[in-house]
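Student: Structure incoming, see below.
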Amino acid sequence: MKKLNKILAMSMAALMTMSLASCYQAPASSGAASTGGDTASTGDTASTGGDAASGEVVTLKWVSVGNGQPSNYDAWLEQINPYLEEKIGVNLDMQIVSWGDWDNRRSVIVNTAGEYDILFTNMNTYVNDITIGAFKDITELVQTATPDLYASIPEDYWEACYVGGKLYAVPSYKDSSISEYLVWDKELAESTGFTIPESIDMKDLGTLTETLTAMKDSKGEASFPMNQNGATWVAFEYDNLGTGLLPIGVRYDDKNAKVVSVLEQEDIQASLDTFHEWYQAGIINSDAATKPEENNYKPCSVAQGWSGAAVTTWGPNMGVEAAATKLGPTIVSNDTVRGSMSCISANCANPEKALQLLELVNTDSYVRDLLYYGVQGDDWDYTDDSKEWVHRNNTNWTMAGYTQGSFFAVTPTDDFDFNQYDEVKELNENASPSVLLGFSLDTTNFKDQLTNCVAVYERYKGELLTGTRATDEIVPQIMSEMRAAGFDEIVAQCQEQVDAFLASNAG
């Protein structure tokens, strides 16, 4: 694969001049990190509690998303911080924002120079946040300061995170290709006479209407419930080019790499029509467009993952036996790799320490297990001294494991006779690459138009992706407003860069 910085490599240095002065302070202690502090007036960063050069302990604040702050968080800090302090001279202060609050909180944190050293990030906001100077360039530092971290993640995945020839994120080495699955309450689905298939194509979603109607009637509730995020997966076969704007993309297998208006494509409109039919039939809940949180139990839903997760995760989390149907192909693209990344604040006082922490998260199984499972002795424990298996005492831990780091450093649980991550690795290795894998989009010349189009889309996406409004009504409205905001200009400039990328690769 061609290196990303060979294509459209442009310096982002000018964009990194924006001051992002942080105001978080924590006491210089080796115990549990503080979650409050005084406001600094001279641009203090979140990294506090010591001088890294002097060997003192540094407290790093990591902000991520999940089901909120764990109830046993203090007990967890008492386990992880002494270990981190001994290994790398770091104490950790985690802030876990609930799913429903995440978009707003993340935006405020980034745009107001919020209090963090490390921030969970994904493809929806990554490029824009780099443009405003939020994240530190780690292109050289990640290799010199943390060579084991760099070696633990495939080169292609690092390349997928380059923007303008520079690297600003550590990708989570996980299901970094994307495989979508329909997840079923197996007993309920089969009680309707339905035989759960191993796989179906996206174009066949409409064939499920009869079964979902029967499931709805049986339970007396929506059988395909959604929250306000809706079916964000509907366009996963289109490469988003790193824009963070679902309505623009290139179909992953289009050798001509034509940049299109995704919402106006026949296959996408057919899926949107199906959602509207389901909404009208009560298969999708009537409050979907405004519902902030997802239901824990969903008779049928779509989730990114792997088939084994039906046994290990999806079913147990719902309290039922689950079955999975693969929905469409497995694809690897810049966006799939960017589905989970850890970015270091441009103002981080101790970026080497932040990278050393991420190195442990990705290579040290004990650190990884604490983050993934929770408090040892409460939420989980090793089954014996070999530490080859973990026994989970409960599933109450509220941190989202996929946001943290490598799946392949997680110790498997003893309740199954297989390691589910073997399937993940196989899916990654056999994924179909997007025609734009390795492409890096430069948004400099249309960043205002892109920002305006994103704002338009965000206003409508809840109604669009939950089927609340008819496709032939809402899509023209969205596209009219986005075109007035410069959508067609964005498409034209993206196409120029894509064509240059293809020409360079062909050469």
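The values are calculated or read from the model by the stated rules, or taken from the named source; none is laboratory data. Computed from a prediction, not measured in an experiment: that's the story for all the values here. Positions of Cβ are backbone-derived with ideal geometry, glycine not excepted, and every protein chain shown enters the neighbour counts. Heads up: the accessible areas ignore ligands, DNA and RNA and are worked out on the full protein's heavy atoms, side chains in. Shrake-Rupley method; radii C 1.70, N 1.55, O 1.52, S 1.80 Å.
Student: Mind checking which residues of region 280-312 are in a helix (DSSP H, G or I) and open to solvent by 50 Å² or more (accessible area, probe 1.4 Å)?
Tutor: Selection gives GLN280, THR290, VAL311.
Student: Follow-up question, since we're still on this one. What tally of residues in region 155-201 results from selecting those that are within 16 Å of the chain's Cα centre (by Cα), over 24 Å from THR363 (Cβ atoms) and among the hydroxyl-bearing types (Ser, Thr, Tyr)? Reasoning before the result, please.
Tutor: Going through region 155-201, the residues within 16 Å of the chain's Cα centre (by Cα) turn out to be 157-158, 160-161, 168-180.
Retained after the next criterion (residues that are over 24 Å from THR363 (Cβ atoms)): 178-180.
Adding the requirement that they be among the hydroxyl-bearing types (Ser, Thr, Tyr) leaves 179.
Of the residues in region 155-201, 1 are within 16 Å of the chain's Cα centre (by Cα), over 24 Å from THR363 (Cβ atoms) and among the hydroxyl-bearing types (Ser, Thr, Tyr).
Student: Report every pair of residues separated by at least 6 positions or lying on different chains whose Cβ atoms are under 6 Å apart, first residue within region 241-269 and of a type in the set (Gly, Ala, Ser), second assigned to a strand (DSSP E or B).
Tutor: Between residues of region 241-269 that are of a type in the set (Gly, Ala, Ser) and residues that are assigned to a strand (DSSP E or B), the close pairs are GLY249/TYR238; GLY249/ASP239; ALA257/VAL250.
Student: Among (1) part of a helix (DSSP H, G or I); (2) open to solvent by 20 Å² or more (accessible area, probe 1.4 Å), where does GLU56 come up short?
Tutor: Condition not satisfied by GLU56: (1).
Student: Okay, next question. Give me the residue from region 365-407 that is assigned to a loop (DSSP other than H, G, I, E, B) and among the hydrophobic types (A, V, I, L, M, F, W, C) and, out of that set, most open to solvent (accessible area, probe 1.4 Å).
Tutor: Going through the qualifying residues, I end up with TRP389.
Student: Something else about it: Looking for something open to solvent by less than 60 Å² (accessible area, probe 1.4 Å), at pLDDT 85 or above and over 30 Å from LEU436 (Cβ atoms) - is there at least one such residue anywhere in region 100-111?
Tutor: Yes, because at least one residue in region 100-111 is open to solvent by less than 60 Å² (accessible area, probe 1.4 Å), at pLDDT 85 or above and over 30 Å from LEU436 (Cβ atoms).
Student: Within region 239-273, which residues are among the acidic types (Asp, Glu) and open to solvent by 50 Å² or more (accessible area, probe 1.4 Å)?
Tutor: ASP253, GLU264, GLU266, ASP267, ASP273, listed by residue number.
Student: I'm checking my understanding of the structure. Among residues of region 454-507 that are outside any helix (DSSP H, G or I) and free of Cβ contacts under 8 Å to residues at least 40 places away in the same chain, which one is surrounded by the most Cβ atoms within 10 Å (Cβ to Cβ)?
Tutor: Filtering region 454-507 for residues outside any helix (DSSP H, G or I) gives 466-470, 485-486, 507.
When the remaining residues are screened for being free of Cβ contacts under 8 Å to residues at least 40 places away in the same chain, the result is 485, 507.
Values: ALA485: 20, GLY507: 6.
By that ranking, first place goes to ALA485.
Student: Another question, then. Checking LEU441 against (1) in contact with a helix residue (DSSP H, G or I) (Cβ under 8 Å, 6 or more places away or on another chain); (2) over 30 Å from SER152 (Cα atoms), only one condition comes out false. Which one?
Tutor: (2)
Student: Is it fair to say LYS61 is assigned to a strand (DSSP E or B) and either more than 25 Å from the chain's Cα centre (by Cα) or crowded, with 22+ Cβ neighbours inside 10 Å (or both)?
Tutor: Here the answer is yes, as LYS61 does meet what is asked.
Student: Please work out which one of (1) in a loop (DSSP other than H, G, I, E, B); (2) more than 26 Å from GLY374 (Cα to Cα) is the condition VAL110 fails and give its number.
Tutor: (1)
Student: What is the number of the single condition among (1) surrounded by 20 or more Cβ atoms within 10 Å (Cβ to Cβ); (2) over 30 Å from THR290 (Cβ atoms) that GLU115 does not meet?
Tutor: (2)
Student: Let me ask something else about it. Considering (1) closer than 30 Å to ASN81 by Cβ; (2) hydrophobic (A, V, I, L, M, F, W, C); (3) touching an Asp or Glu at 6+ places or on another chain (Cβ under 8 Å), say which one MET341 fails and leave the rest.
Tutor: Here MET341 meets the rest and fails (3).
Student: May I ask you to list the residues in region 194-226 that are farther than 15 Å from GLN280 by Cα and in contact with a helix residue (DSSP H, G or I) (Cβ under 8 Å, 6 or more places away or on another chain)?
Tutor: PHE194, ILE196, ILE200, MET202, LYS203, LEU205, THR211, MET215, SER218, LYS219
Student: Of the residues in region 288-327, how many are within 20 Å of SER199 (Cβ to Cβ) and of a type outside the set (Ser, Thr, Tyr)? Working first, answer last.
Tutor: Of all residues in region 288-327, those within 20 Å of SER199 (Cβ to Cβ) come to 298-315, 321-327.
If we keep only those that are of a type outside the set (Ser, Thr, Tyr) too, we end up with 298-300, 302-306, 308-311, 314-315, 321-324, 326-327.
Final tally of qualifying residues: 20.
Student: Moving to a separate point now. Say we look at region 408-431 and pick out the residues that are open to solvent by 50 Å² or more (accessible area, probe 1.4 Å) and aromatic (Phe, Trp, Tyr); which of these is modelled with the lowest pLDDT?
Tutor: Taking the candidates together, the pick is PHE418.
Student: In the list ILE153, ILE96, ILE130, which residue meets the criterion of being within 17 Å of GLU359 (Cβ to Cβ) and open to solvent by less than 30 Å² (accessible area, probe 1.4 Å)?
Tutor: Selected residue: ILE153, the only one of ILE153, ILE96, ILE130 that is within 17 Å of GLU359 (Cβ to Cβ) and open to solvent by less than 30 Å² (accessible area, probe 1.4 Å).
Student: Something else about it: Identify, by number, the condition in (1) under 21 Å from TRP99 (Cα atoms); (2) in contact with a strand residue (DSSP E or B) (Cβ under 6 Å, 6 or more places away or on another chain); (3) not charged (D, E, K, R) that GLN404 doesn't meet.
Tutor: (2)
Student: Next up: Kindly indicate whether any position in region 320-337 is polar (S, T, N, Q) and touching a helix residue (DSSP H, G or I) at 6+ places or on another chain (Cβ under 7 Å). Before you say what the answer is, go through the steps one by one.
Tutor: Of region 320-337, the ones polar (S, T, N, Q) are 325, 330, 333-334, 336.
Going one step further and asking which of them are touching a helix residue (DSSP H, G or I) at 6+ places or on another chain (Cβ under 7 Å), we end up with 330.
Within region 320-337 (the criterion being polar (S, T, N, Q) and touching a helix residue (DSSP H, G or I) at 6+ places or on another chain (Cβ under 7 Å)), the answer is yes, since at least one residue qualifies.
Student: Right, something else. Of the conditions (1) at pLDDT 95 or above; (2) surrounded by fewer than 21 Cβ atoms within 10 Å (Cβ to Cβ); (3) under 29 Å from ALA431 (Cα atoms); (4) not small (Gly, Ala, Ser), THR144 satisfies every one except a single condition; which number is it?
Tutor: Looking at each condition in turn, THR144 falls short on (3).
Student: Check region 332-349 and report whether any residue there is open to solvent by 10 Å² or more (accessible area, probe 1.4 Å), modelled with pLDDT of 95 or more and assigned to a strand (DSSP E or B).
Tutor: No, region 332-349 has no match at all.
Student: Condition (residue is touching a Pro at 6+ places or on another chain (Cβ under 8 Å), among the hydroxyl-bearing types (Ser, Thr, Tyr) and at pLDDT below 95) applied to region 159-172: is it met by at least one residue?
Tutor: No.
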